[in-house]
Structures are given as structure tokens and as C-alpha cells.
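Colleague: Mind looking over this structure? Questions follow.
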Amino acid sequence: MKPKYMLDTNICIYLMKHQPVEVKERFDQCFVGEVVISAITLAELEYGVTCSGISAASNRAQLKSFIEDVPVVAFEAAAASAYGPARYANRERSRDALDKLIAAHAISLGVTLVTNNEADFAVYPGLTVENWVNRH
């Protein structure tokens, strides 16, 4: 099945923490293979696990379980090509380098990026964004 959604880092964290509940409910409506994460997002999650101190072992187990359910998509040449225009569209902001890569990756795959940071991704041409938080 072709992916339809790419999860941003914050949505992955919500799913691993099972909060807010509406994110899990929306995720459960998707079919296997419809939802993916970028290898860039996995890198952010790995960093978070590494920084989590005494919770690191538990968080690593949660992350391992999570990526067994949600495929990780490699950042390939098409994503690299999409990065140039994505970065240019948001060139005024020097931070958020990883967000630019995630946006480019979603654009290259033609999928909707699911995030709770809609404003951060609003400037990327060709990017469709959806928020699964507060969908009631």
C-alpha cells in the first residue's frame, strides 16, 4: 500500500505516550502501510531517547516497538531534490533545519504531513499538512 501520511516527531511522541487520545484514535483509522515516518524523524526520536536519562531504556523499548508498527522511509534523492525549494521557501528562518528536511521528504513522497506544529510547516509550497490533535 502506498503511504498517505508522514508523521512529524511530535505526533510520534504522542502515539508512544498514548496521549492525546484523539491522535491514537485517528491513527487507528488508518490501514497498515498508510502511515510512515521519515528517517529524519527517527533521528530526532533517537536523539530524544538518548537525552532521556534514567528513562532511556524504557523510551528505547517504546521507540523500537513504535517503528515495528510504522515503517521508516529512507531520505533518498527525490527528497534531496525537494529540499532545495523547501529550504528556499523558508530561508528567512535559520533554525528548524530538520523540519525543512521532513517537509521536503513528505513533498517528495506526495504524502500529507501530520503535525501539531501546523504553523511551522505552512510556508512550504506543495506540502499538505494535517493536525490530528483536537479533532473532536
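The values are calculated or read from the model by the stated rules, or taken from the named source; none is laboratory data. In this text, all values refer to a predicted model and were calculated from it rather than measured experimentally. Methodologically, a virtual Cβ is constructed for each residue, glycine included, from the backbone with ideal geometry; neighbour enumeration extends over all protein chains shown.
Colleague: Tally up the residues in region 17-54 that are assigned to a loop (DSSP other than H, G, I, E, B) and surrounded by 11 or more Cβ atoms within 10 Å (Cβ to Cβ), please.
Modeller: Step one: filter region 17-54 for residues assigned to a loop (DSSP other than H, G, I, E, B), giving 18-20, 29-34, 51-52.
Then keep just the ones that are surrounded by 11 or more Cβ atoms within 10 Å (Cβ to Cβ); that gives 19-20, 30, 33-34, 52.
Looking only at that region, the number is 6.
Colleague: Could I ask something else about it? Give the residues of region 73-95 that are closer than 14 Å to ILE40 by Cα and surrounded by 16 or more Cβ atoms within 10 Å (Cβ to Cβ), sorted by residue number.
Modeller: Across region 73-95, the qualifying residues are VAL73, PHE75, ALA79, TYR83.
Colleague: Out of the residues in region 1-16 meeting the condition of being part of a strand (DSSP E or B) and not aromatic (Phe, Trp, Tyr), tell me which one is nearest to TRP132 (Cα to Cα).
Modeller: The extreme case among them is LEU7.
Colleague: Tally up the residues in region 83-97 that are outside any loop (DSSP other than H, G, I, E, B) and either among the polar types (S, T, N, Q) or in contact with an Asp or Glu (Cβ under 6 Å, 6 or more places away or on another chain) (or both), please.
Modeller: So the answer is 0.
Colleague: Okay, next question. Looking at (1) in contact (Cβ under 8 Å) with a residue 24 or more places away in the chain; (2) in a helix (DSSP H, G or I); (3) aromatic (Phe, Trp, Tyr); (4) surrounded by fewer than 13 Cβ atoms within 10 Å (Cβ to Cβ), find the lone condition where PHE66 falls short.
Modeller: In the conditions (1) in contact (Cβ under 8 Å) with a residue 24 or more places away in the chain; (2) in a helix (DSSP H, G or I); (3) aromatic (Phe, Trp, Tyr); (4) surrounded by fewer than 13 Cβ atoms within 10 Å (Cβ to Cβ), PHE66 misses (4) alone.
Colleague: Looking only at residues in region 102-124 that are assigned to a helix (DSSP H, G or I) and at pLDDT below 95, which one is nearest to VAL21 (Cα to Cα)?
Modeller: By that ranking, first place goes to GLU118.
Colleague: Related question: Give the residue, chosen from ALA61, ALA80, that is modelled with pLDDT of 95 or more and either among the β-branched types (Val, Ile, Thr) or in a helix (DSSP H, G or I) (or both).
Modeller: Every option except ALA61 fails the conditions.
Colleague: Same structure, new question: Limited to region 100-125, what total is found for residues that are among the small types (Gly, Ala, Ser), farther than 22 Å from ASP28 by Cβ and touching a residue at least 24 places away in the same chain (Cβ under 8 Å)? Step through it out loud before you land on a result.
Modeller: Restricting attention to region 100-125, the residues satisfying the condition of being among the small types (Gly, Ala, Ser) are 103-104, 106, 108, 110, 119, 122.
Next, from what is left, pick out any that are farther than 22 Å from ASP28 by Cβ: 103-104, 108, 110, 119, 122.
Add one more test, that the residue is touching a residue at least 24 places away in the same chain (Cβ under 8 Å), and what stays is 103-104, 108.
Of the residues in that region, 3 qualify.
Colleague: Next question. Return only the number of the condition from (1) modelled with pLDDT under 95; (2) surrounded by 22 or more Cβ atoms within 10 Å (Cβ to Cβ); (3) closer than 18 Å to CYS12 by Cβ; (4) hydrophobic (A, V, I, L, M, F, W, C) that LEU98 does not satisfy.
Modeller: (2)
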